[in-house]
1. Considering only residues that are out of contact with any helix residue (DSSP H, G or I) (no Cβ under 9 Å at 6 or more places or on another chain) and not in a helix (DSSP H, G or I), look in the range 250-282 and name the one that is farthest from residue 195 (Cα to Cα).
2. Which of the residues belonging to the range 34-50 are crowded, with 16+ Cβ neighbours inside 10 Å, out of contact with any helix residue (DSSP H, G or I) (no Cβ under 7 Å at 6 or more places or on another chain) and part of a loop (DSSP other than H, G, I, E, B)?
3. Counting only residues that are closer than 21 Å to residue 49 by Cβ and not in a helix (DSSP H, G or I), how many does the range 1-30 have?
4. Which of the following residues is in contact with a strand residue (DSSP E or B) (Cβ under 6 Å, 6 or more places away or on another chain) and either buried (at least 22 other Cβ atoms within 10 Å of the Cβ) or closer than 17 Å to residue 143 by Cα (or both): 102, 53?
5. If the requirement is being part of a loop (DSSP other than H, G, I, E, B), at pLDDT 95 or above and more than 19 Å from residue 280 (Cα to Cα), which of these qualifies: 207, 203?
6. Kindly check whether there is at least one residue in the range 218-234 that is more than 29 Å from residue 61 (Cβ to Cβ), at pLDDT 95 or above, out of contact with any helix residue (DSSP H, G or I) (no Cβ under 8 Å at 6 or more places or on another chain) and surrounded by 14 or more Cβ atoms within 10 Å (Cβ to Cβ).
7. For the range 137-159, what are the residues that are assigned to a strand (DSSP E or B) and within 13 Å of the chain's Cα centre (by Cα)?
8. Is at least one residue of the range 89-99 surrounded by 19 or more Cβ atoms within 10 Å (Cβ to Cβ), part of a loop (DSSP other than H, G, I, E, B), out of contact with any helix residue (DSSP H, G or I) (no Cβ under 7 Å at 6 or more places or on another chain) and at positive phi?
């Protein structure tokens, strides 16, 4: 099978490229310097002779999007639309990576894939628009939402906390934001499995199972380093004001995966223990 991956220089894109190559797949991996996904003519010329187009490219600077929503919209909605249009014209299937930020973040139980979206930030609005555009252009598209990503190929929460734990005697981390820490290698694997299963067009959630607060996750990170988790103190999001609102509850359900016969990613803590040597070692 012939794959094209956009945003291939990013944390998820790197792991997806690696996973596909390890599986012996034919991969064209394109970073931002290789393909401007907002250029209609260039996208149309580039998306040819492939079976699957996976879009990992995105504007991910959540706070900056509040002041630059048109620019974020161009990358998060217009670009995916052009890719999906070109993929459909080429007879390829689109896999578009999206986010928990399309939801309002105020739920108390996991969001099903079909739950109504209600983004509370510019970033969330542009990603929601991207989902809509991809569905409109490619009826066979898979929308893959993920959240709380970490990996060896870029800046991420665990590596930041590990550095701070080595510099300080104590850390204060929020208890009132809950989600599913998710390894980019697991998301890459799930995308491959969804395509291999010829999953029905629709939306799927690529997050680890279970849930934890940032505080709870940090305690496990610190424990992984051989330090005392008691060094991690509790605080709330009010202590870290940000321009864009963060979802208080970012737990995504895996109902559509199970309906497709595709196993969800394992428990967040088990997956972190498997990922830690690679992520922190990098």
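1. Per the criteria, the residue is 267.
2. Within the range 34-50, 50 is the sole residue that qualifies.
3. Qualifying residue count, the range 1-30: 16.
4. Values: 102 fails: in contact with a strand residue (DSSP E or B) (Cβ under 6 Å, 6 or more places away or on another chain).
That would be 53, the only listed residue that is in contact with a strand residue (DSSP E or B) (Cβ under 6 Å, 6 or more places away or on another chain) and either buried (at least 22 other Cβ atoms within 10 Å of the Cβ) or closer than 17 Å to residue 143 by Cα (or both).
5. On the way: 203 fails: part of a loop (DSSP other than H, G, I, E, B).
Exactly one residue qualifies, and that residue is 207.
6. Within the range 218-234, none of the residues are more than 29 Å from residue 61 (Cβ to Cβ), at pLDDT 95 or above, out of contact with any helix residue (DSSP H, G or I) (no Cβ under 8 Å at 6 or more places or on another chain) and surrounded by 14 or more Cβ atoms within 10 Å (Cβ to Cβ).
7. Step one: filter the range 137-159 for residues assigned to a strand (DSSP E or B), giving 142-146, 149-150.
143, 144, 145, 146, 149, 150 - these are the residues of the range 137-159 that are assigned to a strand (DSSP E or B) and within 13 Å of the chain's Cα centre (by Cα).
8. At the first step, the residues of the range 89-99 found to be surrounded by 19 or more Cβ atoms within 10 Å (Cβ to Cβ) are 92-99.
Retained after the next criterion (residues that are part of a loop (DSSP other than H, G, I, E, B)): 92.
So of that shortlist, the ones also out of contact with any helix residue (DSSP H, G or I) (no Cβ under 7 Å at 6 or more places or on another chain) come out as 92.
If we keep only those that are at positive phi too, we end up with none.
No, every residue in the range 89-99 fails to be surrounded by 19 or more Cβ atoms within 10 Å (Cβ to Cβ), part of a loop (DSSP other than H, G, I, E, B), out of contact with any helix residue (DSSP H, G or I) (no Cβ under 7 Å at 6 or more places or on another chain) and at positive phi.
The values are calculated or read from the model by the stated rules, or taken from the named source; none is laboratory data. As the structure is a computational prediction, the values presented were derived from the model and not from experiment. Ideal geometry is used to build each Cβ from the backbone, glycine not excepted, and the neighbour counts take in all protein chains shown.
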